[in-house]
Amino acid sequence: QVQLVESGGGLVQAGGSLRLSCAASGRTFSSSVMGWFRQAPGKEREFVAAIRLSTGNTAYADSVKGRRFTISRDNAKNTVYLQMNSLTPEDTAVYYCAAARVVTTTPLGYTYWGQGAQVTVSS
């Protein structure tokens, strides 16, 4: 089992920044990839970014490309981060971190999930 705990969510004005953290514990060696997803009210959970823990290789959704969002990891701390800049109200959602064996953009590919962190961007 892998336990994931997100932190760093909150309320921010449009144009502002937030950094989410995801701390992993348990059988962390069984997961090679960490990803971030988000789910807005009434919408499906969507992929945001993923990172391969061994190489640092990353993947991003088109909606956050251009490095508006940056995923990174600190393997020594078993922690993954999502730096979010230039936030807009459309980024308002519950953000989840998740663990997988391979890089994939579909939620079905992730085995373990955190409880989620609310991010609210006011206009």
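The values are calculated or read from the model by the stated rules, or taken from the named source; none is laboratory data. Keep in mind it's a predicted model, so treat the numbers as computed, not measured. Note that we place each Cβ from the backbone using ideal geometry, even for glycine, and neighbour counts take in every protein chain shown. Accessible surface is based on the protein model in full, side chains and every heavy atom, while ligands, DNA and RNA are left aside. Shrake-Rupley method; radii C 1.70, N 1.55, O 1.52, S 1.80 Å.
A compact table of results
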{"item": "Test: residue in the stretch 90-101 that is open to solvent by 30 Å² or more (accessible area, probe 1.4 Å), at pLDDT below 95 and over 22 Å from Ser31 (Cα atoms)", "result": "yes"}
{"item": "Residue, modelled with the lowest pLDDT, within the stretch 47-65, restricted to residues that are of a type outside the set (A, V, I, L, M, F, W, C) and in contact with a strand residue (DSSP E or B) (Cβ under 9 Å, 6 or more places away or on another chain)", "result": "Ser63"}
{"item": "Which listed residue, of Ser21, Ser17, is modelled with pLDDT of 95 or more, under 18 Å from Val119 (Cβ atoms), of a type in the set (S, T, N, Q) and touching a Ser or Thr at 6+ places or on another chain (Cβ under 7 Å)", "result": "Ser21"}
{"item": "Qualifying positions in the stretch 47-63 - out of contact with any Gly (no Cβ under 8 Å at 6 or more places or on another chain) and part of a strand (DSSP E or B)", "result": "Arg52, Thr58, Ala59, Tyr60"}
{"item": "Subset tally (residues that are open to solvent by 30 Å² or more (accessible area, probe 1.4 Å) and in a helix (DSSP H, G or I)) for the stretch 64-78", "result": "3"}
{"item": "Flag if Thr105 is polar (S, T, N, Q), open to solvent by 70 Å² or more (accessible area, probe 1.4 Å) and in contact with a Phe, Trp or Tyr (Cβ under 7 Å, 6 or more places away or on another chain)", "result": "yes"}
{"item": "Test: Ser25 is among the small types (Gly, Ala, Ser) and touching a Phe, Trp or Tyr at 6+ places or on another chain (Cβ under 8 Å)", "result": "no"}
{"item": "Qualifying residue in the stretch 14-36 (condition: of a type in the set (Gly, Ala, Ser), part of a loop (DSSP other than H, G, I, E, B) and over 30 Å from Ser123 (Cα atoms))", "result": "yes"}
{"item": "Unmet criterion (only one of (1) among the hydroxyl-bearing types (Ser, Thr, Tyr); (2) in contact (Cβ under 8 Å) with a residue 12 or more places away in the chain; (3) part of a loop (DSSP other than H, G, I, E, B)) for Tyr81", "result": "(3)"}
{"item": "Residue within the stretch 37-46 that is open to solvent by 20 Å² or more (accessible area, probe 1.4 Å), hydrophobic (A, V, I, L, M, F, W, C), in a strand (DSSP E or B) and at pLDDT 95 or above present", "result": "no"}
{"item": "Residues of the stretch 102-123 that turn out to be β-branched (Val, Ile, Thr), assigned to a strand (DSSP E or B) and within 25 Å of Ser25 (Cβ to Cβ), as a count", "result": "2"}
